[in-house]
Amino acid sequence: MHRQQEDHRSSAFPTLTRSILSRLPQIVNQTKGQAFVFPASGTAMWEAALVNTLDPGARLLAIRFGQFSHLFITTARALGYAVDVIEVPWGEAAPADRIEDALHADAAHEYQGLLLVHNETATGVTSDVAGVRAAIDRAQHPALLYVDGVSSIASLEFQFDAWGVDLAITGSQKGFMLPGGLGILYTSEKALARVDSATTPRAYFDLRAMRVQNASGYFPSTPALSLLFGLDESITMLLEEGMPAIAARHRRLATGVRAAVRAWGLTPCARRPEIESDTLTAVVMPDGMDSSRVVEIAFKRYDISLGAGLGEVAGKVFRIGHLGDTNALTLAGALAGVEMSLADVGVPLTLGSGVGAALSHWRVPA
Ligand code: PLP
């Protein structure tokens, strides 16, 4: 990434654009439709996905079960869309049966889209996108399926085609292992057809302009060149390791982290093992103990950044990230920092218990 900047209008530039745009779909098992990259972030891609495919004031259905699903909804509402919300307890996953019922009840097919966060980063819960797609199909509803994959894409299995996803969004700073600053948007053929017919006004995020320029290897405005150099390499690294191997590595690391949490006598925010996220674990503090103290002590005394509790679970959970460019030894250090911080705030645990439990999952016996 630390290279001389190049002229993004030069005749040589399309080589980079094409290398990125032709390979991005492989990260999510996409063979039809198109991937886009903006100088932006995940939040911006919510907006890009919505304004490119909806008519003004369109009705949407969404599931709220954490801070990021909440913010997806507030973004859609701020843009003037009418969002009906299925409320789910934080720590639970998207309920396919309730989605099916809501879509069945919409006999007039007023919902233009369904908003789903695949991996709720606030609670460490992964939802079953295939199950949600099956619910949409059972209800025979034409709504577009919008999937937020910010903390899943490039880390967890993501089957864009097979799950019938219409729009998927992410940013550069998680599974792609880059600094923040790029928004990535995947679109199905059905979504692309809507890009042409949707009537919401749009400017910077207009995919029509992006498609025209991308077709010849360029961007409508100045791209974030350093990040594009990085993205090209990160795609190479991801495809070298292989998406199934990456998902398996995340599963293995997550299993160790969850073993540590249980060894400390604590519980994950995810209410059932089947929905526990392999990219991060939100840990519930014992009653009466403030999780923000743990985050602060970890940062100040042990030089490690944990995720704070957000929204409804602020003060109640802290979050351990285990995605992207990480491995057992890095995470063993992270768990050691968490253990010392928990002990410092008075959680009764045996030092080394969590690290030991994790190591027994991560050891590679001869
Ligand atoms: N969606 C999810 C699931 C996230 O975890 C985040 C950020 O962490 C966002 C959206 C927002 O993305 P960004 O911070 O890149 O705008």
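The values are calculated or read from the model by the stated rules, or taken from the named source; none is laboratory data. None of these values were measured; they are calculated from a predicted model. Cβ coordinates were reconstructed from backbone atoms using ideal geometry, including for glycine residues, and neighbour counts include every protein chain displayed. Just so you know, the surface numbers come from the protein's heavy atoms only, side chains and all, with ligands and any DNA or RNA stripped out. Shrake-Rupley method; radii C 1.70, N 1.55, O 1.52, S 1.80 Å.
Here region 250-341 has 52 percent of its accessible surface on carbon and sulfur atoms, given a 1.4 Å probe and all protein chains in place.
Centre-to-centre, using Cα atoms only, region 45-124 and region 163-207 are separated by 16 Å.
Computed over protein heavy atoms with a 1.4 angstrom probe, the accessible surface ordering of M45, M177, largest first, is M177, M45.
For W362, the accessible area of its heavy atoms, probed at 1.4 Å with every protein chain present, is near 10 square angstrom. Give me the base-10 log of I(q)/I(0) for region 61-192 at each q in 0.10, 0.14 Å⁻¹, Debye formula, one uniform scatterer per Cα, rounded to two decimals. Values returned for q = 0.10, 0.14 Å⁻¹ are -0.29, -0.58. Each residue of region 83-91 was assigned a 3J(HN,Hα) from its phi angle through the Karplus expression (A = 6.51, B = -1.76, C = 1.60, θ = phi - 60°), giving 9, 8, 10, 8, 7, 10, x, 5, x Hz with x at Gly and Pro. When DSSP beta bridges are restricted to pairs lying wholly in the chain, around 55% turn out antiparallel. Estimated at the nearest 10 Å², the accessible area of H104 is 100 Å² with a 1.4 Å probe.
Using a ≥ b ≥ c from the Cα gyration tensor of the chain (square roots of the eigenvalues), is it rounded, prolate or oblate, where a/c under 1.5 gives rounded and otherwise the larger of a/b and b/c decides, a/b for prolate? Note, shape of the chain comes out oblate. For the listed peptides 321-327, 78-84, 57-63, a ranking on the average number of other beta carbons within 10 Å per residue, highest first, reads 57-63, 321-327, 78-84. Each Lys or Arg adds one and each Asp or Glu subtracts one; over the other residues with Cβ under 13 Å from the Cβ of N214, this totals +2.
Placing unit charges on each Cβ (+1 for Lys and Arg, -1 for Asp and Glu) gives the chain a dipole about its Cα centre, and among Q4, G175, L24 the Cα reaching farthest toward its positive end belongs to Q4. The lysines within cross-link reach of K190, meaning a Cα-to-Cα straight distance under 24 Å and a gap of 8 or more places when in the same chain, are K32.
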